[in-house]
Amino acid sequence: MALIDLFDIKKQYDIKLLLNGVDFHLDEGERVTIVGQNGCGKSTLMKIIMGEEEPTDGKRVVNSSIQVEMLAQQPHFDPALSVREAIFNELTELKEAKEAYDTLSLKVAEDFENEELLTQLEKVSSFLDHHNAWNLDDKIERVMQEFQLKAYEDRPVVSLSGGEQRRVALASLILKKPDVLLLDEPTNHLDVYMVEFLEEMLLKGNFTLLFISHDRHFIDTVATRVVEVDNQQLVSYTGGYMSYLEQKEARMHALKKGHENLLRLLKQEEAWLRKGVRAREKRNQGRKKRVFELRDEAKKNPTLIRKMMVELEREKKHFNRDEGVSRKKMLFELENISYSVPGKKLIENFTTRILQKDKIAIVGINGAGKSTLLKLMLGRIKPQSGLIKQGDFSIGYFDQHREMLDNEKTLIETFCPDGGDHIEVQGVNLHVYGYLKSFLFPKEFLAKKVGMLSGGEKNRVALALLLTKKVDCLILDEPTNDLDIQTINILEEKLINFPGAILFVSHDRYFIDKIASKLFIFKGNGVVEESYQTYTEYLEIEKEMKELDTLEQEVKTSEKKEVPVTVKKQTKLSYKEQRDYDTLPDEIEALEQQIAALNACLQDPECYQEKGLTALSEELSKLEKVYEEKSDRYLEVLEIFESL
């Protein structure tokens, strides 16, 4: 069922055209991500969908019965509310529904033939089902724990940092579960463990979701569809991030083939035009016009194809680590270093060496001390105990404050402070425009002042400038923040080819896996571990270990129990259980028939050619998921019934 539709949408600011005649449709149960270069119109598209901005032209249609909510970049809270109160304040409707359900259940138990009461109870029950609001208090506790808000629960919410306030707002929205949830960069200010929890909640909660993100791992895990904003148009791809890359590559090949056919046709038409066979007659003017249109199209397509090929090649590159190169030169040697802040150990007795070709990712929970380690190695702070030895080498540093940039200088002055228009990058002399073009800056930006750029554009300038420096070691603090996926791909390519050592703090799992050959893992309470696994492998093993620990604790707890806990025996099915017991068998049987019909169609060429293989496969996948959920629920209810 379509919840939101955009038809022929155009959006223009002064002379800048962002969207031109685009259509967009969001169906119930979809999780759609919007991708594209910074400034292409992603956030504008989301604001039009939300209704916060009006399109210049076109039509927005939203199902009047649904609730659409969006995570604000800068949430606003009542200053009088604590963190816990701010979350509870957003859940009033759900709490009232649960209280109504409890009251109606008692009334139905006394008068179970009252049709009006049964109808009201079913309506409230469906509402609580949809919003996953049956165990709301437990869910609030878990969300506060996972988003590291429990320690602040009694503090005024407005006293928190901007990132912490966004976590409060995100927690409220997840618990509230609107019919359509819109998220703009939801993983910003979240560490990797928070992101994994967010993924779990969105997937288990069956959210209908539209989101913007540069976190490719998050996109691949959560998205059912990727919509790319490209050249003022929308291109839709089914599946997550890897599926998007595969389909985009197939589209590129189709464009290339189409372009080759176009050139053949143009060659024929050009030959006709050169002959001048009565070309001035009226009946031939249309054909002549078509020749000129073909010329324009032929000129345009190669640019698009080349652009897509470059992007895909960046994505498809594997690690290119030269293990045969000598790694003997020592840059840093850390001996039993420790550093604490009041009430908290950040680093305790950490010993390691950092060598000439090391590519090290510094990872772990927020506030554990990752950026502190960078400052210690830069000499900006001193260890409280232990020793840091440093070899004779040069360092290039990137931080979130972009301290190397002067807002009053233009880009050309920033890159060529002594005049001229050429720079040297890794021993190669380049024109400054050619170099900046590789960071997606058009030529007219050369005369722009740094202070006039957006946050993402400033980050691009800072990274581009850093990579022009002759240094032996790069130290980077959250280098992918505020960057779009295309720019992250460029940065990855530059870092993979960087000949020196790299130390970087990041929560971007995809980026870490691609760049790092080693991990420094901040576990909390001063513990820092080293690992040579990929970050994804480390997280998967860590999750398995936690599950085993939990299982072991449950076994130990059950063994210690000497007195059995008396549980009040259930004597009859609840209203919701009785309804499922009565209706699910027919629903499951109907689903079995539909699944059998689809499988039969997939084996019949006439049938699947008419309906489309992709559409059939998607429909079958959805039905099988519903079938599995309903079957599990029926078995659960059946088990309760048989125990009565």
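Residues that are free of Cβ contacts under 8 Å to residues at least 40 places away in the same chain, β-branched (Val, Ile, Thr), closer than 30 Å to ASN38 by Cβ and buried (at least 20 other Cβ atoms within 10 Å of the Cβ) do not occur anywhere in segment 185-193. Count of segment 392-413 residues, restricted to those that are buried (at least 17 other Cβ atoms within 10 Å of the Cβ), closer than 22 Å to PHE332 by Cβ and not acidic (Asp, Glu), is 4.
Across segment 18-77, the qualifying residues are those that are within 18 Å of ALA2 (Cβ to Cβ) and of a type in the set (Lys, Arg), and the one among them that is surrounded by the most Cβ atoms within 10 Å (Cβ to Cβ) is ARG31. For segment 101-133, residues that are under 26 Å from PRO178 (Cα atoms) and touching a Phe, Trp or Tyr at 6+ places or on another chain (Cβ under 9 Å) total 11.
Report whether or not TYR627 is in contact with a Leu (Cβ under 6 Å, 6 or more places away or on another chain) and at pLDDT below 80. Taking the combined requirement at face value, the residue does not satisfy it.
So which residues in segment 512-526 are within 22 Å of THR352 (Cβ to Cβ) and surrounded by 16 or more Cβ atoms within 10 Å (Cβ to Cβ), if there are any at all?
Our first condition is that a residue be within 22 Å of THR352 (Cβ to Cβ); within segment 512-526, this holds for 512-513, 515-526.
Scanning segment 512-526 gives ILE512, ASP513, ILE515, ALA516, LYS518, LEU519, PHE520, ILE521, PHE522, GLY526.
Criterion first (in contact with a strand residue (DSSP E or B) (Cβ under 6 Å, 6 or more places away or on another chain) and either modelled with pLDDT under 90 or over 25 Å from GLY163 (Cβ atoms) (or both)) does ALA464 satisfy it? Judged against the criteria, ALA464 is not a match.
Of everything in segment 468-514, what is under 23 Å from ASP220 (Cα atoms) and touching a Cys at 6+ places or on another chain (Cβ under 9 Å)? Give them in sequence order. Once the filter is applied, which keeps residues that are under 23 Å from ASP220 (Cα atoms) and touching a Cys at 6+ places or on another chain (Cβ under 9 Å), segment 468-514 yields only ASP484. Against the conditions (1) among the β-branched types (Val, Ile, Thr); (2) under 30 Å from ASP102 (Cβ atoms); (3) at pLDDT below 80, where does THR614 fall short? Just the number, please. Failing condition for THR614: (2). Scanning segment 151-167 turns up at least one residue that is free of Cβ contacts under 8 Å to residues at least 12 places away in the same chain, surrounded by fewer than 16 Cβ atoms within 10 Å (Cβ to Cβ) and part of a helix (DSSP H, G or I).
Yes/no per residue for (1) polar (S, T, N, Q); (2) farther than 15 Å from ILE640 by Cα:
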| position | (1), (2) |
| --- | --- |
| LEU573 | no, no |
| LEU584 | no, no |
| ALA590 | no, yes |
| ALA596 | no, yes |
| ASN599 | yes, yes |
| GLN603 | yes, yes |
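Based on this model, can you work out whether LEU118 counts as in contact (Cβ under 8 Å) with a residue 40 or more places away in the chain, in contact with a strand residue (DSSP E or B) (Cβ under 9 Å, 6 or more places away or on another chain), part of a helix (DSSP H, G or I) and not basic (Lys, Arg)?
Details: in contact (Cβ under 8 Å) with a residue 40 or more places away in the chain: yes; in contact with a strand residue (DSSP E or B) (Cβ under 9 Å, 6 or more places away or on another chain): no; part of a helix (DSSP H, G or I): yes; not basic (Lys, Arg): yes.
So LEU118 fails the test.
Can you name the residue in segment 593-609 that is within 35 Å of the chain's Cα centre (by Cα) and of a type outside the set (Ser, Thr, Tyr) and, of all such residues, is surrounded by the most Cβ atoms within 10 Å (Cβ to Cβ)? Out of the qualifying residues, it is LEU598.
The values are calculated or read from the model by the stated rules, or taken from the named source; none is laboratory data. Note that the coordinates shown come from a computational prediction; the quantities given were computed from them, not determined experimentally. Glycine also receives a Cβ, built like all others from the backbone with ideal geometry; neighbour counts cover every protein chain displayed.
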